[in-house]
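One structure is given below, encoded as structure tokens.
The values are calculated or read from the model by the stated rules, or taken from the named source; none is laboratory data. What you are looking at is a predicted structure, and each value in this text was computed from that prediction instead of being measured. Here Cβ is always computed from backbone atoms with ideal geometry, including for glycine, and neighbour counts include all displayed protein chains.
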């Protein structure tokens, strides 16, 4: 069982490369320079890395729980497009990759829905934790942590294939609505 929980070298490298590029793109569109660029980039790397990696690992380990094989794979074309858009037109759009699920059997509708919920739920929980920390400490880093996690949850809940929302709404529309409302409420309460 513990064998299934390991992260391969390839998967770890692809998660790291994706996090580096996502963080760079987000920092670049903020139009900061000099030492501020480095400070913002390091902050983005940790907050976005936490949000992105935990989201993907939640998908992976939930799939494994259902007896499936799963591993994150970067989508290098999507990362290249993100870099190009960030650098040329200062637009932040990211499609870094996804957890690929390998199954020798048909994946049931409820399994696919629960696997999709797992990633979104991680971002909602992180957004809520960062929101509480922001209320307590008033630190802008916690505000940004709330913002990025609630935004990731909301975007992933859009009911457009291949986003998580399309699988969740197909499985259980009520759960989809609840998650959408919670993520949107967190986002609207903290947005910049």
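Quick check, is residue 62 assigned to a helix (DSSP H, G or I), touching a helix residue (DSSP H, G or I) at 6+ places or on another chain (Cβ under 7 Å) and either in contact (Cβ under 8 Å) with a residue 60 or more places away in the chain or not assigned by TED's automatic domain parsing to the domain that holds residue 115 (or both)? Yes: the conditions hold for residue 62. Looking at 154, 93, 170, just one residue is touching a residue at least 12 places away in the same chain (Cβ under 8 Å) and either surrounded by 20 or more Cβ atoms within 10 Å (Cβ to Cβ) or within 19 Å of residue 53 (Cβ to Cβ) (or both), and that residue is 154. Among the residues that make up the stretch 72-84, is at least one of them farther than 24 Å from residue 28 by Cβ and in contact with a helix residue (DSSP H, G or I) (Cβ under 9 Å, 6 or more places away or on another chain)? Checking the stretch 72-84: at least one residue is farther than 24 Å from residue 28 by Cβ and in contact with a helix residue (DSSP H, G or I) (Cβ under 9 Å, 6 or more places away or on another chain). Summed over the stretch 2-54, the residues that are in a loop (DSSP other than H, G, I, E, B) and either in contact with a strand residue (DSSP E or B) (Cβ under 7 Å, 6 or more places away or on another chain) or surrounded by 12 or more Cβ atoms within 10 Å (Cβ to Cβ) (or both) give a count of 5. Of all the numbered requirements in (1) more than 20 Å from the chain's Cα centre (by Cα); (2) modelled with pLDDT of 95 or more; (3) in the same structural domain as residue 21 (by TED's automatic domain parsing), residue 32 misses one, and that requirement is (2).
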